[in-house]
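Working notes, structure below.
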Amino acid sequence: MIRWQTPAELQDAYDVLPRLSPDIATRLLDPYSKPYRIPDTTQADDRLRMQDILVHITMQQPIIQGLAATIGEGLNTETERAMAVLNYVQHLGYIPDPPGEWYQSGLYTIASRGRAGNCNDLGVVAVALLRLLGIEAWVWWIFQKGAALNHMTVRASVDGRMRWVETTIVDARLGENPYRAAERTGQQANVGITA
């Protein structure tokens, strides 16, 4: 059985629902949801809970389960599987949000290949795929003091080591700090900072 989170952690994520408007809660729970804007007043911890719900729903979809099996086929180590997921998600295509913070379902992100989504959208897909391949992973919030945007990335326990899994920067390496990857590749805007 694939471990998602403990029942208490899962319940904590779903406890955010009563704090959301009915429209946002409905869209959050819809596995086919197109992009929707969340209120600017949504606190960081509730945004992470919403991301956890999106990961949970994404993992339950047969198409995502099949995709994970295809990506992981013939790969024996966690490092190999994590690198395959990283490569796949990086090439879905990063696009920044319009003004405000927008979320969408994992299925919508996969279906939008080439213009898939922003940091949180790509992170949801990566975490779902990593977990389905037996790798502990989490969406990770990075508060960027003084920047116009904050950033969400992925952290995963790969072969016993906590590693960065930066999905928004094409060619970011497994374990590479998002800022170092942005500087090395010239993709600073993908992590919400200007060059």
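See the values below:
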{"item": "Per residue convex hull volume, Cα atoms of the chain, in Å³", "result": "115"}
{"item": "The chain, dipole about Cα centre (Lys/Arg Cβ +1, Asp/Glu Cβ -1), debye to the nearest 20", "result": "260"}
{"item": "Antiparallel %, DSSP beta bridges [both residues in the chain], to 5", "result": "95"}
{"item": "Whole-Hz ³J(HN,Hα) from phi, Karplus 6.51 cos²θ - 1.76 cosθ + 1.60, for region 162-168, glycine and proline x", "result": "6, 10, 6, 10, 7, 8, 8"}
{"item": "Amide H partners (placed H, <5 Å) of E101, local residues excluded", "result": "I38"}
{"item": "Anisotropy class of region 91-174 from Cα gyration tensor, a/c 1.5 cut", "result": "oblate"}
{"item": "From phi via Karplus (6.51, -1.76, 1.60), per-residue ³J(HN,Hα) for region 25-37 in Hz, x at Gly/Pro", "result": "4, 5, 5, 4, 8, 8, x, 10, 4, 7, x, 9, 8"}
{"item": "5 angstrom amide H check on I142, placed H, neighbours 5+ away", "result": "H151, M152, T153"}
{"item": "Footprinting exposure proxy for L107, L28 (fewest neighbouring C-beta atoms within 10 Å first)", "result": "L107, L28"}
{"item": "Footprinting exposure proxy for L29, L122 (fewest neighbouring C-beta atoms within 10 Å first)", "result": "L29, L122"}
{"item": "Region 99-195: chymotrypsin sites (Phe, Trp or Tyr not before Pro) in DSSP loop, at most 13 other beta carbons within 10 Å", "result": "F143"}
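Laboratory data are not the source of any read-out in this text; all were calculated from the coordinates shown. The structure presented is a predicted model; accordingly, all values stated were derived computationally and were not measured. Counting neighbours? That spans all protein chains shown, and the Cβs are built from the backbone with ideal geometry, glycine included.
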